[in-house]
Amino acid sequence: MSSPETPPGSAEDQAAEEPAPEEEQPEPDELREGLVERLRAELGDSVVESHIDPGRDLWVRVQRDAWRQAAEVSRDTLGCAFFDFVSAIDWLPSPFGRDMDAQEDVVASGGPEQNESGEIVTGYAGGETRFQLLARLAKLGAYGITFKADLPDGDLRAPSWVPVYAGADWHEREAWEMFGITFEGHPGMRNIYLPTEFEGHPLRKDFPLLARRVKPWPGIVDVEPMPGEDEASTDDEDEQAIEGTEAEAGRMVAADEEQT
């Protein structure tokens, strides 16, 4: 109904009568929705969150205590015979700024600007901790699943996947060496890359790369010109070189004439 101040049929009346736009509904993906349901049936409340990219991919976050069970269910129930990787991620924004992150490369590629707020953002299927485990399994020719699990800052440990997928062996060793995550039940946690006495975990965001304190990351200072940007200066240098050669030739001819 129009107010006394608003004539009937006004733009305000029309706007009030127009239905609110419907929220865009996600595309259905019965295959991946079914996978999530089967995981929930096997793991129960240990499935914390999931994200489906319809027709393309699936992310599932599980509780740490169900980490190995998620692998077992994937292999035995979902047919995921292919093990891709196990790794970890430190979601802490770099405390060292641009020289550690090569931010120029990120911006040049059209990626997001650096996170200046200090807030931890944990990607698909969410997360509540700085450190997360990541793993990828697949049923070849059918689908893949990326699993995630939160790891509390003061308790970086999780059940090993080696009893389920033997190929996880060196992946877990790498995550232990680079992030400091202990995998319970692993047959032999030992370094792959670093000396035994090395202190620290280089893939943690708060690990200082001392070489970058001496020389900033390539792209920050040592910027090479793009092809075509220095054509003018190159042409000038060529002309100067030609002029110098001609002058030298003239001096040599004059010297010969004096001798004769």
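The values are calculated or read from the model by the stated rules, or taken from the named source; none is laboratory data. What you see is a predicted model, and the numbers here were worked out from it, not measured in a lab. A quick note on method: Cβ atoms are made from the backbone with ideal geometry, for glycine too, and the neighbour counts reach across all protein chains shown.
Filtering region 127-135 for residues that are closer than 30 Å to GLU30 by Cβ and in a loop (DSSP other than H, G, I, E, B) leaves a non-empty set. Tell me yes or no: at least one residue of region 176-187 is of a type in the set (Ser, Thr, Tyr) and at pLDDT 95 or above. Yes - at least one qualifying residue is present in region 176-187. Residues in region 31-88 that are part of a helix (DSSP H, G or I), of a type in the set (Ser, Thr, Tyr) and either without any contact (Cβ under 8 Å) to a residue 60 or more places away in the chain or more than 14 Å from TYR143 (Cα to Cα) (or both): how many? The number of residues fulfilling the criteria is 1. A single member of ARG190, ARG213 is modelled with pLDDT of 60 or more and in a helix (DSSP H, G or I), and it is ARG213. Residue selection: HIS171 satisfies the criterion of being under 20 Å from VAL60 (Cβ atoms) and at pLDDT 95 or above.
Output the number of residues of region 37-62 satisfying the condition of being within 17 Å of TYR124 (Cβ to Cβ) and surrounded by 18 or more Cβ atoms within 10 Å (Cβ to Cβ). Can you show your working first?
Kept after step one, since they are within 17 Å of TYR124 (Cβ to Cβ), are these residues of region 37-62: 39, 47-62.
Within this subset, residues satisfying the condition of being surrounded by 18 or more Cβ atoms within 10 Å (Cβ to Cβ) are 39, 47-48, 50, 52, 58-62.
Residues that pass the stated criteria total 10.
The combined condition, being under 22 Å from LEU92 (Cα atoms) and either buried (at least 20 other Cβ atoms within 10 Å of the Cβ) or not polar (S, T, N, Q) (or both), is not fulfilled by ALA138.
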